[in-house]
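Colleague: Input: one structure, supplied below.
Just so it is clear, none of the values below were taken in a lab; they were calculated from the coordinates. Keep in mind it's a predicted model, so treat the numbers as computed, not measured. Ideal geometry is used to build each Cβ from the backbone, glycine not excepted, and the neighbour counts take in all protein chains shown.
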Amino acid sequence: MATELEGVLRPKVSPAPPFPPKYMQIANGEMMVIRPIEIDEIPVILEYVQPMIHVERDYYDIVAARVYAELLAQYVHRIQDQYILIAQVDGELCSIVNGRTLKPGIGVSLHTIALRRGLRIGAHAFAAKMEYHMDYLNHEEVMIVAESPIGFRRFLIEYNLEERPETIHELGGVSAYALTRKTFEAARGKLVVGRRPVPDDLLAKANAEILPPSDPPQMPDDLLAATRSMYDPTGTALRAQRLKQEGRVK
Ligand SMILES: CC(C)(COP(=O)(O)OP(=O)(O)OC[C@H]1O[C@@H](n2cnc3c(N)ncnc32)[C@H](O)[C@@H]1OP(=O)(O)O)[C@@H](O)C(=O)NCCC(=O)NCCS
């Protein structure tokens, strides 16, 4: 009975061409590999995503919580037609991107998260997933939303995406923006970088082990440093909270 029910609960995965790994030099001179993952690599990635669920800065919390859920859903077979790519430098996990096929010709971008900052690693990983949607999954359009101001600038503005107020994105139920083949081709020369095939030594290192991020986004020591608290220009709410925590006021 349990096995029969599992057959009903488990989505029937549609065949999809693999993403051929690629590599590129990032702004600090290091080489980064972007590749698809195997299902048995998910538990270790979850370990690296989990701490970011508590990082308010730049909306890492909501994005990490959703990425965690989507990776887990892939692991336990509870999401339809999802793909997951990772970026690694010397084996170290630097970015995770995912999305899925909604129906023939239409893709959905789910998330992009960068675990090392300031090197456009997330931008390169996002470009790789758009390349996968357009060149390999053969989608005509990809539906995209932003959950953070940096994401809005990086993806919706840099790619000049088309607003689709009539299309509800499955992520959060807000209206979508679309990457069309035309907008992708206009951005390709400027934003999509990387070479194939990946040299054997580089790919072997990436495939051997997913190493932990060396400098992941973390919770600040001082609550006042949490960027979202900057919406309160005086920081009074957090000061009051800290005074209470320290027992200095009742
Ligand atoms: C959005 C995201 C993927 C972009 O990744 P990225 O292209 O590698 O870009 P970074 O995050 O390194 O940098 C983004 C900006 O923050 C600045 N920045 C933030 N922290 C920084 C740091 N520690 N060092 C240097 N720059 C930093 C950069 O200068 C850059 O400014 P710019 O947009 O004017 O160039 C990444 O910021 C991220 O994972 N954010 C949290 C999750 C999220 O919002 N995902 C997207 C949802 S739509």
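Colleague: Out of the trypsin sites (Lys or Arg not before Pro) in the stretch 1-90, which ones are loop residues according to DSSP with at most 16 other C-beta atoms within 10 Å? Before the final figure, lay out the partial values.
Modeller: Details: sites: Lys12, Lys22, Arg57, Arg66, Arg78; in loops: Lys12, Arg78.
Passing sites in the stretch 1-90 are Lys12, Arg78.
Colleague: Can you give the extra length, in nm with one decimal, that the chain gains between Arg248 and Ala65 once fully stretched, where that is 0.36 nm per residue apart less the Cα-Cα distance? Can you show the working numbers first?
Modeller: Working: separation 183, 0.36 × 183 = 65.88 nm, distance 3.38 nm.
Extra length available between Arg248 and Ala65 comes to 62.5 nm.
Colleague: Let me ask you something else. For the stretch 35-153, give me the percentage of DSSP beta bridges that are antiparallel, rounded to the nearest 5 percent. Numbers along the way, then the final one.
Modeller: Details: 18 of 21 bridges.
If we restrict to bridges inside the stretch 35-153, about 85 percent are antiparallel.
Colleague: Here is a further query. Counting only helical runs of four or more DSSP H residues, what would the 222 nm mean residue ellipticity of the chain come to if each run contributes -39,500 (n - 2.57) and the total is spread over all its residues? Provide the component values of the computation, followed by the final result.
Modeller: Working: 7 runs with 73 residues, N = 250.
Here the helix-only value at 222 nm equals -8500 deg cm²/dmol.
Colleague: Hey, another quick one. Over the stretch 19-219, what is the percentage of antiparallel beta bridges among all DSSP beta bridges, to the nearest 5? Don't skip to the answer; put the middle values down first.
Modeller: On the way: 34 of 38 bridges.
Here the share of antiparallel DSSP bridges comes out near 90 percent.
Colleague: Which distance in Å, rounded to a whole number, links the C-alpha centroids of the stretch 36-67 and the stretch 130-165?
Modeller: 21
Colleague: Fewest to most neighbouring Cβ within 10 Å: what's the order for Glu41, Glu92?
Modeller: Details: Glu41 18, Glu92 21.
Ordered by Cβ neighbours within 10 Å, fewest first: Glu41, Glu92.
Colleague: Mind sorting Thr112, Thr101, Thr183, Thr167 by how few other Cβ atoms lie within 10 Å of their own Cβ, fewest first?
Modeller: Details: Thr112 29, Thr101 21, Thr183 18, Thr167 13.
The most exposed by this proxy come first: Thr167, Thr183, Thr101, Thr112.
Colleague: Follow-up question, since we're still on this one. Given labels modelled 7 Å from the Cα in the Cβ direction, how far is it in nm from Ile39 to Glu6?
Modeller: Modelled inter-label distance: 1.0 nm.
Colleague: So which GluC sites (Glu not before Pro) in the stretch 162-225 are both in a DSSP loop and have at most 14 other Cβ atoms within 10 Å of their Cβ?
Modeller: On the way: sites: Glu162, Glu163, Glu166, Glu170, Glu185, Glu209; in loops: Glu170, Glu209.
Loop-located and lightly packed - Glu170, Glu209.
Colleague: Nearest 20 debye, what's the magnitude of the dipole of the stretch 65-172 about its Cα centre given +1 on Lys and Arg Cβ and -1 on Asp and Glu Cβ?
Modeller: 360
Colleague: Give the shape of the stretch 19-219 as rounded, prolate or oblate, defined through the alpha-carbon gyration tensor: a ≥ b ≥ c are the square roots of its eigenvalues, a/c under 1.5 means rounded, and otherwise the shape is prolate if a/b is larger than b/c and oblate if not. Present the calculation step by step, with values, prior to reporting the outcome.
Modeller: Working: a/c = 1.40, a/b = 1.20, b/c = 1.17.
Cα axes put the stretch 19-219 in the rounded bin.
Colleague: Here's a follow-up. Cross-chain or 8 or more residues apart, Cα under 30 Å: how many lysine pairs in the chain fit that? Count them up, please.
Modeller: Lysine pairs meeting the criterion: 16.
Colleague: Is there a quick way to get the dipole size of the chain? I mean about its Cα centre, with the Cβ of Lys and Arg at +1 and of Asp and Glu at -1; what is the value in debye to the nearest 20?
Modeller: Working: 29 positive and 33 negative charges, 126 e Å.
Around 600 debye, computed over the chain.
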